[in-house]
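Visitor: Quick one: the structure is below, questions incoming.
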Amino acid sequence: MKHLPVAGKALTVLFTAAFLVACSSSDTKEDEAAAAAAAAAAEARAAEEAAAAEARRGQERLREAAVAVGTVFYFEFDSSALLPEAQQALDAHIALLATNDDKVRLEGHTDERGTREYNLALGERRANAVRDYMTLNGIASYRIETVSYGEEQPVAYGSGESNWSQNRRVELK
Amino acid sequence: MRVLHSIALFFSLCLAASTAHAQLTIEITQGVDNPTAIAVVPFAWQGGGTAPEDIASVVQSDLSRSGQFMPVDRADMLGFPSSQQDVFYRDWRALNTEYLLIGRVSMAGQMRIEYELYDVNRQARVDGGVIEGAPNEARMLAHQVSDKVYEKLTGIPGAFATRLLYVSVTRNPTGKDYYRLTLADSDGARPIVLLESREPVLAPAWSPDGQEIAYVSFETTRPAIYRQNLMTGAREQLTNFQGLNGAPAWSPDGNTLAMVLSKDGSPDIYLMDLASKRLTRVTRHYAIDTEPTWMPDGKSLLFTSDRGGRPQIYRYDLRTGATERVTFEGNYNARARVAQDGRNVVMVTQRSGSFHIAILDLVTNRTTVLTSTQLDESPSIAPNGSMVLYSTKFRERGILAAVSVDGGVKFRLPAREGDVREPAWSPYMFR
């Protein structure tokens with residue numbers, strides 16, 4: 001978000017230069033005014049470029065932060081409540097999404113316990129919980145697609161909580 | 001027979017499809033205490049060359065798999081009679097045989113199987129008949145003989161001449177898994193892959209005439225319900241809604257498909273009129289409503305809902321719109337399937353953390369847990385109401401297993417490869 005005020009400053013400089021040009025009444029001062037305008041424009045361009053670079057750096061930092069928190073958010077058994085660590089991780093993705101127009105796909109998954117169709121519904125609840133958190137924090141709902149795979153696509157095969165806990169998840173893609 | 005010919009045609013169209021994958025084998029793990037001893041003598045082949053199929057062997061496996069019969073080993077037989085004058089009761093009594101099945105197979109365009117059933121103790125012929133059909137359907141003709149013999153000796157029509165649908169998954173460690181929807185005979189023989197996909201395939205369901213199936217496929221990267229004709233292979237995508245598109249269930253009259261959609265928010269039950277494709281919403285609840293199944297009279301639906309906090313089975317009356325809770329024992333009862341008698345309901349129940357198959361008698365309201373393994377699901381009941389097929393885990397692999405409705409008979413159908421799940425037992429096809 002830091003780059004926005006910088007861009008604002010650049011615009012202010014540009015408008016000031018234009019105002020000066022418009023206000024110059026004397027022909028003898030035209031050259032001077034033109035030079036000043038050119039200088040102001042150059043300054044504005046430089047400021048714009050600096051702002052863009054800063055914006056790129058800012059976005060890069062956000063992207064790095066989003067990559068660092070990962071794209072998988074875990075859940076408790078038979079629950080679609082977002083855990084605090086999942087919320088923190090999502091905050092990093094939301095900050096990045098606020099700076100671009102990317103669309104995201106949220107894939108909900110469950111562990112193998114319980115019936116397949118019920119688990120499809122549970123997986124959808126989990127994907128929707130993540131979607132709702134994102135929309136509540138300013139990401140337009142049209143940018144988010146949710147799909148539930150239920151228990152069909154485990155990442156950890158085998159039974160037992162150590163496997164099950166890895167499979168109860170929403171993946172952001 | 002019309003169905004038989006059509007299916008034969010379909011099979012010939014499908015011969016190119018892979019058949020080696022997920023072929024099922026059968027391991028009987030528990031039978032009744034005093035099974036009836038029956039000798040199934042090799043049927044005499046009266047055609048040219050060698051017999052295309054060992055009919056008696058198919059019949060013997062069927063009867064053995066039911067858990068109610070103890071077949072006499074062929075090696076112990078003192079002779080292979082194929083007509084009444086060759087039957088010496090004394091020989092069979094010496095082997096403690098109670099019943100004797102003999103037969104003859106001939107070919108005149110059609111395959112013709114004549115069978116005769118004898119009561120060894122009473123020294124009397126008790127049944128006999130002729131089954132005819134296409135030679136490439138020899139195994140299915142043999143299953144029809146099994147159906148007749150089973151009915152004569154137990155009083156319950158056999159359900160051997162039926163088919164199974166199931167889903168198998170082959171894991172691919174370096175990429176996406178392979179999902180296959182397979183059609184096989186009720187003994188797992190002659191598997192035909194109907195659909196192969198890198199995306200999940202689930203919830204196969206039969207039309208009441210056994211000629212069509214419905215299922216869910218993620219092949220578009222989203223779930224959608226498809227309908228497929230087994231005779232022609234013609235396939236139609238029925239739904240493409242935002243959210244869940246799942247759990248298709250054919251109405252007993254074949255005109256309507258119940259399904260689960262979440263397009264209006266939470267998962268609810270809908271009915272699709274198959275002619276007009278018009279949808280009617282059945283349930284309206286913010287909870288999960290899923291897994292619809294029809295009562296045999298078509299007047300009400302059972303479904304799973306967690307509207308009471310935990311998943312339980314409810315009944316929706318299509319005439320009055322009233323909903324009543326059906327299950328009260330245990331904190332997880334789901335995915336009901338109803339026997340043709342409209343009385344026995346099989347379902348998944350959770351007891352002390354494990355998931356088992358249970359049967360609920362709607363008349364007495366008694367629930368009996370039938371299985372003792374831990375991750376049992378997707379029960380499907382035979383059209384004669386005698387056996388329940390379900391999926392479970394055995395040595396860390398998904399396999400199919402079966403249990404009789406009284407819990408007395410159990411067998412497993414492990415696949416040679418991959419995980420097998422979601423069996424769907426066909427309706428009667430040859431009655």
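Visitor: Give me the base-10 log of I(q)/I(0) for the range A:42-173 at each q in 0.10, 0.12, 0.16 Å⁻¹, Debye formula, one uniform scatterer per Cα, rounded to two decimals.
Guide: With no solvent term, the Cα-only Debye profile gives -0.38, -0.51, -0.78.
Visitor: Placing +1 at every Lys and Arg Cβ and -1 at every Asp and Glu Cβ, with all other atoms neutral, what dipole size does the range B:305-431 have around its Cα centre, in debye to the nearest 20?
Guide: For this selection, approximately 60 debye.
Visitor: Between the chain alone and the structure with every protein chain in place, find the residues of the range B:283-324 that drop at least 40 Å² of accessible area; heavy atoms, 1.4 Å probe.
Guide: By number: B:288, B:291.
Visitor: Could you work out what % of the accessible surface of the range A:28-94 is carbon and sulfur, using a 1.4 angstrom probe and leaving DNA, RNA and ligands out of the count?
Guide: Exposed carbon and sulfur together represent 55 percent of the surface.
Visitor: Accessible area per residue for the range B:92-233 in Å², computed with a 1.4 Å probe and the full protein assembly in place, what is it?
Guide: For the range B:92-233, the solvent-accessible area averages 32 Å² per residue.
Visitor: Taking a probe of 1.4 Å and counting only protein heavy atoms, give the total accessible area buried between chains A and B in Å², rounded to the nearest 100. Let's see the in-between values first.
Guide: On the way: alone 10460 and 18400 Å², together 26130 Å².
Roughly 2700 Å².
Visitor: Does any residue of the range A:114-135 lose at least 20 Å² of accessible area with all protein chains in place compared with its chain alone, and if so which ones (probe 1.4 Å)?
Guide: A:114, A:115, A:116, A:117, A:118, A:120, A:121, A:124, A:125
Visitor: Now for a separate question. Return the residues of the range B:325-355 for which accessible area with all protein chains present is lower than in the chain on its own by 30 Å² or more; set the probe to 1.4 Å and exclude ligands, DNA and RNA.
Guide: Buried by 30 Å² or more upon assembly, which counts only protein chains, are B:332, B:355.
Visitor: Could you tell me which residue out of A:94, A:39, A:80 lies farthest along the dipole of the range A:39-125 toward its positive end? Charges go on the beta carbon: Lys and Arg +1, Asp and Glu -1, centred on the Cα centre.
Guide: Of the listed residues, the answer is A:39.
Visitor: Let me ask something else about it. Computed from the mean reciprocal separation of all distinct C-alpha pairs, what Kirkwood hydrodynamic radius does the range B:35-154 have, in Å?
Guide: Its Kirkwood hydrodynamic radius stands at 14.2 Å.
Visitor: Cα axis of helix B:138-154 to longest principal axis of chain B: angle in degrees, 0 to 90, nearest 10?
Guide: Around 90 degrees separate the two axes.
Visitor: Right, next: Please quote Rg/Rh for the protein assembly as shown to two decimal places, taking the Kirkwood radius as Rh and restricting both calculations to Cα atoms.
Guide: Radius of gyration over Kirkwood radius for the protein assembly as shown works out to 1.17.
Visitor: Would you kindly give the portion of the calculated P(r) for the range A:107-149 that falls above 14 Å, as a percent of all Cα pairs?
Guide: That fraction is 46 percent.
Visitor: Moving on to the next point. Quickly estimate the mean residue ellipticity at 222 nm for the protein assembly as shown, helices only: each DSSP H run with n ≥ 4 gives -39500 (n - 2.57), and the total goes over all residues, rounded to 500.
Guide: Numbers: 9 runs with 150 residues, N = 604.
After summing the helix terms and dividing by the residues of the protein assembly as shown, the value is -8500 deg cm²/dmol.
Visitor: Taking chain B as the reference, fit the longest principal axis to its C-alpha atoms, fit the long axis of helix B:55-65 to the helix C-alpha atoms, and give the angle between the two in degrees, 0 to 90, nearest 10.
Guide: For helix B:55-65, the angle is close to 50 degrees.
Visitor: Evaluate the Kirkwood expression for the hydrodynamic radius of the range B:88-239, namely the inverse of the mean inverse distance over all pairs of different C-alpha atoms, and round to one decimal in Å.
Guide: After inverting the pairwise mean of 1/r, the radius is 18.6 Å.
Visitor: How large is the dipole of chain B about the Cα centre if only Lys and Arg carry +1 and Asp and Glu carry -1, each at its Cβ, rounded to the nearest 20 debye? Don't skip to the answer; put the middle values down first.
Guide: Numbers: 45 positive and 47 negative charges, 177 e Å.
My answer is approximately 840 debye.
Visitor: Pick out which of B:293, B:392, B:239 has the largest mean-square fluctuation in a Gaussian network model of chain B, springs linking Cα atoms closer than 10 Å.
Guide: Looking only at B:293, B:392, B:239, the largest GNM fluctuation is found for B:239.
Visitor: Under Stokes-Einstein, with the Kirkwood radius over Cα pairs standing in for Rh, what whole-number D in µm²/s applies to the range B:337-416 at 10 °C and 1.306 mPa s? Could you put the intermediate results ahead of the total?
Guide: Details: Rh = 12.6 Å.
Translational diffusion coefficient: 126 µm²/s.
Visitor: What number results when the radius of gyration of the range B:318-376, computed over Cα atoms, is divided by 2.2 N^0.38 Å? If you can, show how the numbers build up before the last one.
Guide: Values: Rg = 12.2 Å, N = 59, 2.2 N^0.38 = 10.4 Å.
In units of the globular-protein estimate, the range B:318-376 measures up at 1.18.
Visitor: Right, next: Have a look at the range B:253-327 and give its Rg and Dmax from the Cα atoms, expressed in angstrom.
Guide: 11.8, 37
Visitor: Quick check: from the Cα gyration tensor, does the range B:181-314 come out rounded (a/c under 1.5), prolate or oblate?
Guide: prolate
Visitor: Using every alpha carbon pair in chain B, what percent of pairs falls into each 20 Å bin from 0 up to the bin containing the largest distance?
Guide: Per 20 Å bin, starting at 0, the Cα pair percentages come out as 25, 55, 19, 1.
Visitor: Which length gain, in nm to one decimal place, applies between residue B:197 and residue B:91 when the Cα-Cα distance is subtracted from 0.36 nm times their residue separation? Kindly include the intermediate steps, with their values, before the conclusion.
Guide: Details: separation 106, 0.36 × 106 = 38.16 nm, distance 5.50 nm.
Gain on stretching residue B:197 to residue B:91: 32.7 nm.
Visitor: Using a 1.4 Å probe and counting only protein heavy atoms, arrange A:49, B:417 so the residue with the most accessible area comes first.
Guide: Of A:49, B:417, the descending order of accessible area is A:49, B:417.
Visitor: Still on this structure, I have one more. Tell me the relative contact order for chain B as a rounded percent, counting alpha carbon contacts under 8 Å between residues six or more apart.
Guide: 14
Visitor: Also, I was wondering about something else. Cβ under 11 Å from residue B:127's Cβ, residue B:127 left aside: what net charge do those residues give with Lys, Arg +1 and Asp, Glu -1? Write down the numbers at each step before the final one.
Guide: Working: positive: B:125, B:148, B:152; negative: B:116, B:119, B:151.
Value of the local net charge: 0.
Visitor: Pick out, from B:41, B:84, B:70, the residue whose Cα sits farthest towards the positive end of the charge dipole of the range B:35-154, with +1 on the Cβ of Lys and Arg and -1 on the Cβ of Asp and Glu.
Guide: Farthest towards the positive pole: B:84.
Visitor: Another question, then. Can you pull the mean other chain C-beta count within 10 Å for peptide B:117-129?
Guide: Going residue by residue through B:117-129 and averaging, the value is 0.
Visitor: Taking all protein chains as present, what is the carbon and sulfur share of the accessible area of the range B:18-176, in % to the nearest whole number, probe 1.4 Å?
Guide: 45
The values are calculated or read from the model by the stated rules, or taken from the named source; none is laboratory data. Just so it is clear, the model here is predicted, and its values are computed rather than measured. Virtual Cβ from ideal backbone geometry, glycine too; neighbours counted across all protein chains shown. For accessibility, only protein heavy atoms count, side chains too; no ligands or nucleic acids. Shrake-Rupley method; radii C 1.70, N 1.55, O 1.52, S 1.80 Å.
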